[in-house]
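Worksheet: one structure, shown below.
The values are calculated or read from the model by the stated rules, or taken from the named source; none is laboratory data. This structure is a prediction, so every number in the text was calculated from the model and none was measured. Reconstructed Cβ throughout: ideal geometry from the backbone, glycine too, with neighbour counts over all protein chains shown. Accessible surface areas use protein heavy atoms only, side chains included; no ligands, DNA or RNA. Shrake-Rupley method; radii C 1.70, N 1.55, O 1.52, S 1.80 Å.
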Amino acid sequence: MRLVKLIANLGYGSRKEIQAAIKNGWVTDRAGNPLKTDSKTPHDEILFDDEPLDPAPGMVLLMNKPLGYTCSTKDQGKLIYDLLPDRFRMRKPVLATIGRLDKETSGALLFTDDGAFLHKVIAPKSHVPKVYEITLDRPLKGGEADLFASGTMMLEAEHKPLKPAELEVIGEQHARLTLHEGRYHQIRRMFAATGNHVTALTRIRIGGLGLEGLAEGDWILLDDAQKASIFQG
Ligand code: URA
């Protein structure tokens, strides 16, 4: 029964369907021997339809999110889950994003099915900074870096000042900003408060983890070193 539950929880089908698949001999070890429902074969040795099983629970993915995709499982329009294998939507425990990006923001987005890992990344005491590249509608005025670093900036309709954030000016209408928190539309609202408008926004780094080599719309499964690098920002 363990095998039925394990495979059903990976989103391959209902328990009934998996039971049938096992009966039909579609679940085998690497040598092609059909497995029984009480098999103790390790996860990495199991094939379904001649293909290795999807990763076991505890996975962390990094996606380079394209523009126009919503961070949701059931909104209208294009969803970030459309860029992952269909099965991933049916996994138990669920595969959730670690934080969100706006529909019109691109870049680094983490997913995990490991609740403890998710909380570790977002916990303030973990100090995982997030770095964004920003294109603006109008030239910077010059006072933005001091304002953002002040720790006293208030966004409209909020009661708590923003934590200090570091602005690096790259060009007249181009900057890099490091945040230590994540509030709703934070960067767009910060620049709106200075009379400017963000025309393009990309998250390029989460802690020490960047997007190097990952094309828009692509994703990778993180190994232990990559996972650890998130906390070495
Ligand atoms: N700030 C924003 O305004 N949007 C994002 O997606 C992330 C940070």
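For the range 185-203, the tally of residues that are part of a loop (DSSP other than H, G, I, E, B) and more than 17 Å from A108 (Cα to Cα) stands at 5. Selection over the range 156-165 of residues that are in contact (Cβ under 8 Å) with a residue 12 or more places away in the chain and open to solvent by less than 70 Å² (accessible area, probe 1.4 Å) gives a count of 4.
Residues that are surrounded by 12 or more Cβ atoms within 10 Å (Cβ to Cβ), polar (S, T, N, Q) and part of a helix (DSSP H, G or I) do occur in the range 118-138, at least one of them.
Looking at E156, is it modelled with pLDDT under 95, in a loop (DSSP other than H, G, I, E, B), away from the ligand (no atom under 11 Å from the Cβ) and under 19 Å from A108 (Cα atoms)? The answer is no for E156. When residues in the range 209-231 are screened for being modelled with pLDDT of 95 or more, away from the ligand (no atom under 16 Å from the Cβ), open to solvent by 30 Å² or more (accessible area, probe 1.4 Å) and not in a helix (DSSP H, G or I), 7 of them pass. Criterion applied to E144, E181 was being closer than 30 Å to A228 by Cβ, open to solvent by less than 70 Å² (accessible area, probe 1.4 Å) and among the acidic types (D, E), and the one residue passing it is E181.
Looking only at the range 80-113, residues that are among the aromatic types (F, W, Y), in contact with a Ser or Thr (Cβ under 9 Å, 6 or more places away or on another chain) and surrounded by fewer than 21 Cβ atoms within 10 Å (Cβ to Cβ) come to 1 in all. For the residues K130, K163, K120, K141, the requirement of being under 15 Å from the mean Cα position of the chain (by Cα) and closer than 27 Å to A193 by Cα singles out K130.
Selection over the range 181-208 of residues that are under 26 Å from D113 (Cβ atoms), touching a residue at least 12 places away in the same chain (Cβ under 8 Å) and within 16 Å of the ligand (Cβ to nearest atom) gives a count of 9.
Is it the case that G32 is open to solvent by less than 40 Å² (accessible area, probe 1.4 Å) and outside any helix (DSSP H, G or I)? Considered against the rule, which asks whether it is open to solvent by less than 40 Å² (accessible area, probe 1.4 Å) and outside any helix (DSSP H, G or I), G32 comes out as no. A56: touching a His at 6+ places or on another chain (Cβ under 6 Å), open to solvent by less than 90 Å² (accessible area, probe 1.4 Å) and either assigned by TED's automatic domain parsing to the domain that holds H119 or not charged (D, E, K, R) (or both), yes or no? Here the answer is yes, as A56 does meet what is asked. All of E168, E172 fail the test of being within 12 Å of Y132 (Cβ to Cβ), open to solvent by 60 Å² or more (accessible area, probe 1.4 Å) and outside the structural domain of D82 (by TED's automatic domain parsing), apart from E168. Looking across the range 2-23, the residues that are open to solvent by 90 Å² or more (accessible area, probe 1.4 Å) and without any contact (Cβ under 8 Å) to a residue 24 or more places away in the chain come down to K5, R15, K16, E17, K23.
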